[in-house]
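The values are calculated or read from the model by the stated rules, or taken from the named source; none is laboratory data. Predicted, not measured: the structure shown is a model, and the values here were computed from it. Virtual Cβ from ideal backbone geometry, glycine too; neighbours counted across all protein chains shown. Areas reflect the complete protein model, heavy atoms only, side chains present, ligands, DNA and RNA absent. Shrake-Rupley method; radii C 1.70, N 1.55, O 1.52, S 1.80 Å.
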Amino acid sequence: MVKFFGGPLAGISMGLSFWMTLLLSVTGMMTSVFIFSQVGMLISKWYVQRHRAQNKPIFSKKSRKIVKIWQRFGIKGIAFLTPVLFSPVIGTIMATVLGASQRHILLHMLWSAVFWGVTFTLALHELRHLDLAIFHK
């Protein structure tokens with residue numbers, strides 16, 4: 001959330017317009033999503049091979065919880081939570097490892113980036129008149 005919240009905060013503090021701040025925030029997240037949806041497949045293959053080579057179980061207590069969340073909410077849930085709980089990198093790799101197609105990852109991460117980008121940018125844009133220290137360069 002800090003990274004995604006930081007984009008609108010930086011844009012507002014630099015005096016950028018609402019639309020430019022929103023565009024840059026969404027573009028930044030989607031660039032990460034695009035790159036790491038490609039890298040996520042490599043990480044997934046490496047992770048499975050490493051665990052097989054070490055005779056470790058692929059599923060741990062932590063990974064079982066992630067799979068339960070995936071089964072309950074799917075890519076839509078991961079995408080919705082990515083900007084606020086995960087970073088775009090972690091959310092994208094999780095979705096890739098859990099089997100979402102790149103097309104679905106890009107689509108759902110896009111609406112999530114737009115939704116949260118509008119939410120954060122609008123909130124900060126409306127609060128900029130309060131003369132808080134965080135809005136100054």
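Descriptive notes on the structure:
- To the nearest 10, the accessible area of Ile69 is 80 Å² with a 1.4 Å probe.
- Accessible surface, the chain, averaged per residue in Å² (probe 1.4 Å): 64 Å²
- If the convex hull is drawn through the Cα atoms of the chain, its volume per residue in Å³: 117 Å³
- Where labels lie 7 Å past Cα in the beta-carbon direction, separation of Arg50 and Val84 in nm: 3.1 nm
- Magnitude of the charge dipole for the chain, about its Cα centre and with charges confined to Cβ atoms of Lys, Arg (+1) and Asp, Glu (-1), is about 980 debye.
- The chain - mean residue ellipticity at 222 nm from DSSP helices (-39,500 (n - 2.57) per run, n ≥ 4, rounded to 500): -26500 deg cm²/dmol
- Our analysis of segment 67-113 gives Rg over Rh at 0.90, with the two radii drawn from alpha carbon positions and Rh computed by the Kirkwood formula.
- Solvent-accessible area, 1.4 Å probe, carbon plus sulfur percent, for the chain: 69 percent
- Accessible-area value, Met20, 1.4 Å probe, nucleic acids and ligands omitted, Å²: 90 Å²
- The relative contact order of segment 1-129, computed from alpha carbon pairs under 8 Å that lie at least 6 residues apart in sequence, is 42 percent.
- Sites Val118 and Lys61, calculated FRET efficiency, Cβ-Cβ separation with R0 35 Å, nearest 0.05: 0.45
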